[in-house]
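None of the figures in this text is laboratory data; all of them are computed from the coordinates on show. Predicted, not measured: the structure shown is a model, and the values here were computed from it. Because the Cβ atoms are built from the backbone with ideal geometry, glycine has one as well, and the counts that use them run over all protein chains shown.
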Amino acid sequence: MRVSVWTIPHDQFALDYPFCLSVAETRRQRDMPTHRAHEFGVSRHCLRRLIGHRLRRDPSSIRIAMPEGGKPFIPQNPIHFSLSHHRGFTAIAIAAHPVGVDIMQVHRQPHITTIAKRVFHPQDVDQLMRLDGQAQLSMFFKLWTRHEAVVKAMGVGLLYPVKFPLYHPVSIVDWCIGEFQFPKEWMVAVASQTRSLTVIHEDDNTITL
């Protein structure tokens with residue numbers, strides 16, 4: 001399965017940029033603090049642009065359904081997508097099957113052990129605790145982005161207990177995880193329940209956002 005992924009810097013859009021949003025999205029945005037509102041506007045605007053390009057439709061006409069507690073989707077359409085944003089970047093993944101994406105910048109994390117034991121599979125925690133220093137920090141964020149990508153593909157919450165370890169993703173049966181860095185301090189993971197996965201980092205600005 002092919003997954004297209006875009007990584008979009010928020011600072012290429014001014015705070016007052018005329019985002020392409022639905023009426024409901026505009027209402028939601030108005031109730032948010034400035035930083036969160038800008039982040040929301042960038043991610044939804046770019047998602048609509050990218051899906052509109054894929055479907056050859058006006059981005060403003062695309063309906064994005066938001067089931068309570070579930071995963072957003074486009075009714076009566078085979079396109080699947082996933083969104084993630086962190087520290088001024090948004091990642092968007094689009095595919096023909098359910099997909100999840102997560103983006104994170106590696107940064108100091110003083111609570112690695114506590115978070116790992118709460119979120120990760122016990123085998124992943126064991127592997128993580130064998131490392132220290134920068135090696136442990138990097139692996140923590142690799143596991144975190146892999147975990148988030150998997151639960152997003154499933155359409156469940158962050159604390160959902162994934163029943164397989166993610167330390168060696170190539171060994172997972174019936175799931176594929178792809179990842180890349182851009183630059184090296186940022187990590188992006190993509191997951192889908194499929195037997196093969198090709199991740200294309202669409203970084204050539206061929207689509208006007």
How long is the gain from ARG87 to LYS163 if the chain were fully straight, where each residue apart is worth 0.36 nm and the alpha carbon distance is subtracted? 24.4 nm
Which loop trypsin sites (Lys or Arg not before Pro) in the stretch 123-183, with loop taken from DSSP, have no more than 12 other Cβ atoms within 10 angstrom of their Cβ? ARG130, LYS163
Can you sort GLU148, GLU185, GLU68 so the residue with the fewest Cβ neighbours within 10 Å comes first? GLU68, GLU185, GLU148
Estimate the FRET efficiency between VAL170 and LYS117 by the formula 1/(1 + (r/R0)^6), using the beta-carbon distance for r and 22 Å for R0, to the nearest 0.05. 0.35
According to a simple spin-label model (label point 7 Å from Cα along Cα-to-Cβ), what is the distance in nm between ARG36 and PHE182? 2.7
MRE, 222 nm, helices only [DSSP H, n ≥ 4, -39500 (n - 2.57), over the chain, to nearest 500]: -10500 deg cm²/dmol
List the pairs from LYS142/LYS184; LYS152/LYS184; LYS117/LYS184; LYS142/LYS163; LYS71/LYS142 whose alpha-carbon separation is above 19 Å, in the order I gave them. LYS152/LYS184; LYS117/LYS184; LYS71/LYS142
Could you tell me which label, among (i) 8, 35, 40, 16, 1; (ii) 9, 39, 40, 12, 0; (iii) 8, 33, 36, 18, 4, 0, carries the value of P(r) over Cα pairs in 10 Å bins from 0, in percent calculated for this structure? (iii)
